[in-house]
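Take a look at the structure set out below.
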Amino acid sequence: MLLAIDTSTGTSVAVVDRDGGVLAEVGTDDPMRHAEVVGDFIRDALAAAGVLPRELSGVAGGMGPGPFTGLRVGIAAAHAFALGIGRPFVPVVSHDAVAFAWYRDGGSGPLQVVTDARRRESAVSDYDGLDDDGLPVRGAGPALFPRDEVPAPRGIRLEASVVPAGALGLIAETAYAAGRLPLTADEPLYLRAPDVTPSAGIKRVTR
């Protein structure tokens, strides 16, 4: 069983099992309150699933794309929880979870996943179904575009306000079963530099 956390758009937390599927999932599409709710969502998801932390085999974390402030909350929470229970952290591209859920629910053909990157920009990824292992085939992205310049989709466009942590966790379980971990690097996909950056130099103070 895995705990899965994503804060790339709204906040979503789930407990999943490779055989049992999504055991519990809680979330909100509010893009601003990640730090306020993620702890309660972790507690609620575990309680709803009837799972103790020591029963988990790992923690999956959504790596974005997403805005700096929100995305880092979920990644930090997932890393901290994994460290606390002595289990591995599994990074997953957040857009992949949206595509995975759509295809598993019966979608077919080309899919374009779009999420709000703020500042009148959108994060975009293109998919071409699931591969033989049941994992999403990402043909392009994630990439950042001005909101009114997002390329026309080759098939269906899906705009997601929250990334389903249940699907995120099931991607990790599917990849583990196929011997394909890690799926992506343990590095956030911010697509844009943070608003605040360290000073280029240090001003020396003299007396």
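The values are calculated or read from the model by the stated rules, or taken from the named source; none is laboratory data. Bear in mind the structure is a predicted one, so any value in this text is a computation, not a measurement. Glycine also receives a Cβ, built like all others from the backbone with ideal geometry; neighbour counts cover every protein chain displayed.
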### Task
Scan the range 67-92 for residues that are out of contact with any strand residue (DSSP E or B) (no Cβ under 7 Å at 6 or more places or on another chain) and either on the phi < 0 side of the Ramachandran plot or among the acidic types (Asp, Glu) (or both) and jot them down.
PHE68, THR69, GLY70, LEU71, ARG72, VAL73, ALA76, ALA80, LEU83, GLY84, ILE85
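Would you be able to tell me the number of residues in the range 123-136 that are surrounded by 14 or more Cβ atoms within 10 Å (Cβ to Cβ) and touching a strand residue (DSSP E or B) at 6+ places or on another chain (Cβ under 8 Å)?
9
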### Task
Specify the residue that is farthest from PRO88 (Cα to Cα); the eligible residues are those in the range 35-69 that are at pLDDT below 95 and buried (at least 22 other Cβ atoms within 10 Å of the Cβ).
PRO67
### Query
Mind checking which pairs have a first residue in the range 106-121 that is over 12 Å from GLU159 (Cβ atoms) and a second that is surrounded by fewer than 21 Cβ atoms within 10 Å (Cβ to Cβ) and among the aromatic types (Phe, Trp, Tyr), Cβ under 8 Å, 6 or more apart or different chains?
GLU121/PHE145
### Task
Output the number of the condition that ASP148 fails; it satisfies all remaining conditions of (1) in contact with a helix residue (DSSP H, G or I) (Cβ under 8 Å, 6 or more places away or on another chain); (2) in a helix (DSSP H, G or I).
(1)
### Query
Could we say that ALA165 is closer than 27 Å to VAL73 by Cβ, touching a residue at least 40 places away in the same chain (Cβ under 8 Å) and touching a Gly at 6+ places or on another chain (Cβ under 9 Å) here?
yes
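Taking only the range 125-139 into account, find how many residues are touching a Phe, Trp or Tyr at 6+ places or on another chain (Cβ under 9 Å) and touching a residue at least 12 places away in the same chain (Cβ under 8 Å). Lay out the reasoning, then the answer.
Here is the first cut: in the range 125-139, the residues touching a Phe, Trp or Tyr at 6+ places or on another chain (Cβ under 9 Å) are 127, 129-130, 134-139.
Of the ones still in play, those that are also touching a residue at least 12 places away in the same chain (Cβ under 8 Å) are 127, 129-130, 134-136, 138-139.
Here the count works out to 8.
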### Query
Since ILE85 meets every condition but one in (1) crowded, with 20+ Cβ neighbours inside 10 Å; (2) touching a Pro at 6+ places or on another chain (Cβ under 6 Å); (3) among the β-branched types (Val, Ile, Thr), which condition does it not meet?
(1)
### Task
Among what's in the range 71-81 and is crowded, with 21+ Cβ neighbours inside 10 Å and touching a Pro at 6+ places or on another chain (Cβ under 7 Å), pick the residue that is modelled with the lowest pLDDT.
LEU71
### Within the range 108-132, tally of residues that are touching a Gly at 6+ places or on another chain (Cβ under 9 Å) and farther than 23 Å from GLY10 by Cα
5
### Task
Select from the range 1-27 the residues that are among the acidic types (Asp, Glu) and buried (at least 23 other Cβ atoms within 10 Å of the Cβ) and list them in ascending order.
ASP6
